[in-house]
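The values are calculated or read from the model by the stated rules, or taken from the named source; none is laboratory data. The structure displayed is predicted, hence computed values, not measured ones. Here the Cβ is made from the backbone with ideal geometry for all residues, glycine too, and neighbour counts use every protein chain on show. Protein only, heavy atoms only, side chains kept; ligands, DNA and RNA dropped before computing areas. Shrake-Rupley method; radii C 1.70, N 1.55, O 1.52, S 1.80 Å.
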Amino acid sequence: MKKTLLILSGLMLLSVTTAQAHQPVMDMAPRWEDGYGFQIRHEFYGSDTLMDGDSEIANPLNLERFVHKTWLEGVYTFDRSKRITFKIPYINQDRTKNIGGAGVKQSNEGIGDLIVGVPLKHYQNKGAFTHNFGFTPSLRLPTGSSSGAFPISDGSTDLGLSFSYSGESPKFYSLVDVFAWLNTEGDRNMRAGNTYGMDLNLGYHPYHDDDTNSGLFIMWDVTARYNDKPSAANLTTASGGKRIHTGPLLVLYKDNIMFRTEYKHPVYENTRSISNSRGSEFNIGIGITF
Amino acid sequence: MKNFLATTAALFIGAFAHPAYADHTEHSHDPVINALAADNEVQVEPGEAVIIVHGIVCSFCSQGVTKKLSKLPYIDPSKYTKGVKVEISDQKVTIAIKPDMDADFDEIFSEIKSGGYEPVKAYIHTQDGITILEPGA
């Protein structure tokens, strides 16, 4: 653990491993006892498309919303069945909002909410196949600011629960994860609302070189989300609703370093009220494990 | 962050315990088995051992096993990657052993287990030919 603290303090800027959309850590690593890793990942989404339900509508005020999040993520593995993870974002968000019939630009930036997770996994290794069932309770702590007209956080402490299954062979990878974020009320009566979701990943491993332990991994990701309606219109997720995003993911790796890039396109969106589309999502990250 | 790590570490202080690995192995001197090992299943070079490990399917698997085995004092780091070669398509781990030292295969099996994987069988090149060891047999 001392080693973890030293490396953590020294490598905050270099930081690791990756992640499913809602979990801080790549499903695969580190599996070894006393393993740890970090990742820096940049996420971008946003749109100037205005939605009412599942229909695109006219946008005469040029309403828009764009969000950049840079995540610092980390993991420590006690043994392959017990890990602890954290992730915390730096958020930069801009929008044009309809206030009194006029488009008003708003922006905010700062550190967002810290998420701590405890992935518990049951592994089985059978020949050239390894698979696991996972259960991950998580806490989202209100480290982000809830002040201003366009707050970073609703200021609440929230509980996340996730159930997952993943299997992997030298050529193929699959993951199914269902989860819920149960939100409590935060500051100024703000409540972002519960989120329920499912992630499906199907991966193919076309190239690996044993001598250099390097290669390429490609994956297709399907993300489905159901958000309750927030209690306050000033929150980033202003309307709640349902959405499905899907797209490819590419991972390049060499030894303990991994580079990841991802694009997801919205194939279905249904907002609970007039709101901007979430738009396409982009992710890029680099991680390292020890 | 230190407080966070310290608190979470305290919560999980009881979680460090993991099942002890079976602390014995069985040496197979069956000439039929040895011949099978030598001729059909694996090729083992002098001064090396080949271990079949279930569940090794990815680069991170390779990294975990290499990390655990390369720290052992009798592994020869001058060969392969720190003395270890992992072939994920065959679930094979080849280790180079220092010429003047004996490898402790109970320890090797235990380290592979702590790396997250299941050692199944080790083929060791000895003066008498190929010897097979199995964990927990």
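Projected label points at A:SER55 and A:THR184, each 7 Å from Cα along the beta carbon direction, are separated by 4.1 nanometres. By the Cα gyration tensor, the range A:29-114 has an equivalent ellipsoid whose semi-axes, rounded to whole angstrom, run 40, 14, 9 from largest to smallest. Placing dummy labels 7 Å off each Cα toward the beta-carbon, the span from A:ASP211 to A:MET198 is 4.5 nm. Excluding same-chain neighbours fewer than eight residues apart, the lysines reachable from B:LYS92 by a Cα-Cα span under 21 Å are A:LYS126, A:LYS171, A:LYS254, B:LYS67, B:LYS68, B:LYS71, B:LYS79, B:LYS82, B:LYS113, B:LYS121. Please report the spacing between the Cα centers of the range A:108-161 and the range A:179-242 in Å, no decimals. Here the answer is 10 Å between Cα centres.
Name the residues of the range B:58-77, by number, that are at least 10 Å² less accessible with every protein chain in place than in the isolated chain; the surface is that of heavy atoms, probe 1.4 Å, without ligands or nucleic acids. So the qualifying set is B:CYS58, B:SER59, B:PHE60, B:SER62, B:GLN63, B:GLY64, B:LYS67, B:LYS68. Stick to the Cα atoms of chain A, pair each with every other, and give me the Kirkwood hydrodynamic radius in Å at one decimal. It works out to 19.8 Å.
Would you work out the charge dipole size for the range A:2-289 about its Cα centre, treating the Cβ of every Lys and Arg as +1 and the Cβ of every Asp and Glu as -1, and quote it to the nearest 20 debye? Mind showing how you got there, number by number?
On the way: 28 positive and 30 negative charges, 83 e Å.
With Lys and Arg at +1 and Asp and Glu at -1, about 400 debye.
Between A:ASN189, A:ASN201, A:ASN125, the GNM of chain A built on Cα springs shorter than 10 angstrom shows A:ASN125 fluctuating the most.
Converting phi to 3J(HN,Hα) with the Karplus coefficients 6.51, -1.76 and 1.60 and the offset θ = phi - 60°, the range A:156-171 yields 9, 9, 10, 10, x, 10, 9, 10, 9, 9, 9, x, 8, 10, x, 10 Hz in sequence order, with x at every glycine or proline. Once B binds A, the 1.4 Å probe can no longer reach about 3300 Å² of accessible area, counting both sides.
Hey, what number do you get for chain A at 222 nm if only DSSP H runs of n ≥ 4 count, each worth -39500 (n - 2.57), divided across all residues, to the nearest 500? Rounded to the nearest 500, the figure is -1000 deg cm²/dmol.
In square angstrom, what is the accessible area per residue of the range A:2-289 with a 1.4 angstrom probe? Don't skip to the answer; put the middle values down first.
Working: 11730 Å² over 288 residues.
For the range A:2-289, the solvent-accessible area averages 41 Å² per residue.
Counting only aspartates and glutamates at least 8 places from B:LYS98 when in the same chain, those with an alpha carbon closer than 19 Å to its own are B:GLU45, B:GLU48, B:ASP76, B:ASP106, B:GLU107, B:GLU111, B:ASP128. Solvent-accessible surface, computed for protein heavy atoms with a probe of 1.4 Å, shrinks by 50 Å² or more for the following residues of the range A:105-144 when the other protein chains are added to the isolated chain: A:ASN125, A:GLY127. Between A:ASN92 and B:MET101, the FRET efficiency from the beta-carbon distance, with R0 = 45 Å, is close to 0.20.
Return the FRET efficiency for the residue pair A:ILE111, A:ASP48: r is the Cβ-Cβ distance, R0 is 35 Å, and the value is rounded to the nearest 0.05. It would help to have the intermediate numbers written out before the result.
On the way: r = 27 Å, r/R0 = 0.76.
That gives a FRET efficiency of 0.85.
What is the extension gain from A:LEU252 to A:SER174, computed as 0.36 nm multiplied by their sequence separation minus the C-alpha to C-alpha distance, in nm to one decimal? Result for the pair: 26.3 nm of gain on full extension.
Semi-axes of the equivalent ellipsoid for the range B:45-137, please: Cα gyration tensor eigenvalues, times 5, square-rooted, ordered largest first, whole Å. Write out the running numbers ahead of the final one.
On the way: eigenvalues 68, 44, 28 Å².
They are 18, 15, 12 Å, listed from largest to smallest.
Considering only A:THR130, A:THR70, A:THR195, the mean-square fluctuation computed in a Gaussian network model of chain A, springs between alpha carbons under 10 angstrom, is largest for A:THR130.
Comparing mean-square fluctuations of A:ASN92, A:ASN59, A:ASN183 from a GNM of chain A with C-alpha springs under 10 Å, the top value falls on A:ASN59.
Over the range A:2-289, with every protein chain in place, what whole percent of the accessible area is carbon and sulfur at 1.4 Å, could you tell me?
Values: 7340 of 11730 Å².
Here it works out to 63 percent.
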